[in-house]
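Undergrad: One structure, as structure tokens, below. Some questions next.
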Amino acid sequence: MALLALGCAGLALLLHPIKPPETQSSMMAPANNTANSAGPVLQSMSFQGITLDMVAPARAMEQVVHDAIRIAPALEAFVTQPETWWPQLRDEAELLPSKVLKKVAVGPGDTLMQLLTEAGAEPADSHQAIQALGQKFNPRRLKIGQEITLTFERLDDGEDYRLFEMALAPSVERELNVVREDTGFRANETIREFDLSHARVAGDITDSLYNAGIEAGLNSSLLAEFIKLFSYDVDFQREIQPGDSFEVYFERHVDDHGKTVKTGRIAAASMTLSGRELRYYYYRPHDGGDADYFTPRGQSVKKALLRTPIDGARLTSGFGKRMHPILGFSLMHKGVDFGAVSGTPIQAAGEGVVEMAGWNGGYGNYVRLRHGNGYATAYAHMTRMSVKPGQRVRQGQIIGTVGSTGRSTGPHLHYEVLLQGKQVNPMNVRFPSGRKLDGAEYERFRRYVEQVEREIRGTPVMALLSGAN
């Protein structure tokens, strides 16, 4: 107690230092002045219930110690029994939130079970929640980058938490959540409805179609669809020049505030290349034929084969005689090369059957497809093959990815077109076209085109946020 008292005394002096005698203060008591006095003399000082006698310092210190011993019990209670002073102070566990939110994102190779357990959910709870979700949505269809919000609830006012809710939105129209109930987990689904309208985007090309499209406001999905649509007739490596232009008329879904939340199908599109216009319209024939894009004359845009079965690549080597980069002498190059980043998806140039999928000497990983009318296509130096011999593929289906296997100096796609077993130049061959509308069907199509053109003229060119899906 004596030590505590001395500590109190020292604390008192530290917190309330004595001011010098020259300083007048309301704490000072007036002094008796004599004729020869040089000034006032400080006799005592009082603070916080402790009086200091400044005339007799020893007696003053005795006073401090005496008063410190007097207040020591209160100070001890202040330190050792804080609840006496702050009754509202609670246990640490009581300060924990009742619910905690965590957000996770699907990465390459991730499973939903793995994501839930790594976030802190018990394996049994994760399994039940995934089973409940499966009644509304197949978890295997989760895409890389998909965000999932997890809510954990605190158990019995303790420090432990358990999975309470899992929520995700596979698309802008569809929201799913799985909530814990007394009997387990239950899945709920909400379908959002948006108004359908059309928008129009146009631009001039200064360096590349991709840059011009992004600058004009096209999002990545619309731009990919536009490039694929014109890839049947346009060599994007050689035919596009500065000053060319494009226009896209497409569906868009808007919310109650008029904001574009999702883009839909391209209804009409055009490109003007060196003064020559290519214009296509999406049309579904009334006679039960397949919906497709058609020229103003009713000719299907779709060809039997794609000239470039890879998006966003550059032509690095053409068809014909060349100095081989590895062998060092002139050799016939029986295809065309497209330079691209390793892992870039490769599409099937046309519908057909896989004749070969495997290692093929200098070609490395090699896939060959057999199409109709004597045509075949081959794809070499792949890093990964996604098809097997005998498998039927559709046009545009991903059959593998770009690599640098076999006799190769870097990642690229070596692409060949074979006619009756002989390689031909993919850039010059005229591929068979699709359907030609005629008769009554063509008349219906012509009236439809007139209606679409009126709608296009009545729709102002706008800038669309590139973030819309």
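Undergrad: List, in order, the whole-Hz ³J(HN,Hα) value for each residue of the stretch 170-182 obtained from phi through the Karplus relation with A = 6.51, B = -1.76, C = 1.60 and θ = phi - 60°; use x for Gly and Pro.
TA: Each residue of the stretch 170-182 in turn: x, 8, 5, 8, 10, 10, 10, 9, 10, 10, 6, 10, 4 Hz.
Undergrad: Moving to a separate point now. Count neighbours as other Cβ atoms within 10 Å of each site's Cβ, and list the trypsin sites (Lys or Arg not before Pro) in the stretch 203-297 that are DSSP loop with at most 12 such neighbours.
TA: On the way: sites: K228, R238, R252, K259, K262, R265, R276, R279, R297; in loops: R238, K259, R297.
Sparse-neighbourhood loop trypsin sites (Lys or Arg not before Pro): R238, K259, R297.
Undergrad: Another question about this same structure. Would the stretch 162-293 count as rounded, prolate or oblate if I go by the C-alpha gyration tensor, calling it rounded below 1.5 in a/c and otherwise prolate when a/b exceeds b/c, oblate otherwise?
TA: Details: a/c = 2.89, a/b = 2.23, b/c = 1.29.
It comes out prolate by the Cα gyration axes.
Undergrad: Right, another one. Ignoring ligands, DNA and RNA, what percent of the 1.4 Å accessible area of the stretch 145-280 is carbon and sulfur? Mind dumping the intermediate values first?
TA: Details: 2760 of 6640 Å².
Whole-percent figure for carbon plus sulfur exposure: 42.
Undergrad: Calculate one ³J(HN,Hα) per residue across the stretch 192-201 by plugging θ = phi - 60° into the Karplus curve 6.51 cos²θ - 1.76 cosθ + 1.60, and present them in order as whole Hz with x for glycine and proline.
TA: Each residue of the stretch 192-201 in turn: 8, 10, 10, 6, 9, 9, 10, 9, 9, 10 Hz.
Undergrad: Between the stretch 202-249 and the stretch 406-450, what is the separation of their alpha carbon centroids in Å?
TA: 19 Å
Undergrad: Testing the spin-label approximation: label points 7 Å from Cα along Cα→Cβ at V179 and A440. State their distance in nm.
TA: With each label placed 7 Å out from Cα toward Cβ, I get 5.5 nm.
Undergrad: At 1.4 Å probe radius, can you tell me the per residue accessible area of the stretch 350-464 in Å²? Can you show the working numbers first?
TA: Values: 5820 Å² over 115 residues.
Per-residue value: 51 Å².
Undergrad: Okay, moving on. Restricting to DSSP loop positions (anything but H, G, I, E, B) with no more than 14 other Cβ atoms inside 10 Å of their own Cβ, which trypsin sites (Lys or Arg not before Pro) remain in the stretch 174-207? Mind dumping the intermediate values first?
TA: On the way: sites: R174, R180, R186, R192, R200; in loops: R192.
Passing both the DSSP loop test and the Cβ count: R192.
Undergrad: So which trypsin sites (Lys or Arg not before Pro) in the stretch 356-399 are both in a DSSP loop and have at most 15 other Cβ atoms within 10 Å of their Cβ? Present the calculation step by step, with values, prior to reporting the outcome.
TA: On the way: sites: R368, R370, R384, R392, R394; in loops: R394.
Those satisfying the criteria are R394.
The values are calculated or read from the model by the stated rules, or taken from the named source; none is laboratory data. Predicted, not measured: the structure shown is a model, and the values here were computed from it. No Cβ is skipped: glycine too gets one built from the backbone with ideal geometry, and neighbour counts run over all protein chains shown. SASA here: full protein model, heavy atoms, side chains in, ligands and nucleic acids out. Shrake-Rupley method; radii C 1.70, N 1.55, O 1.52, S 1.80 Å.
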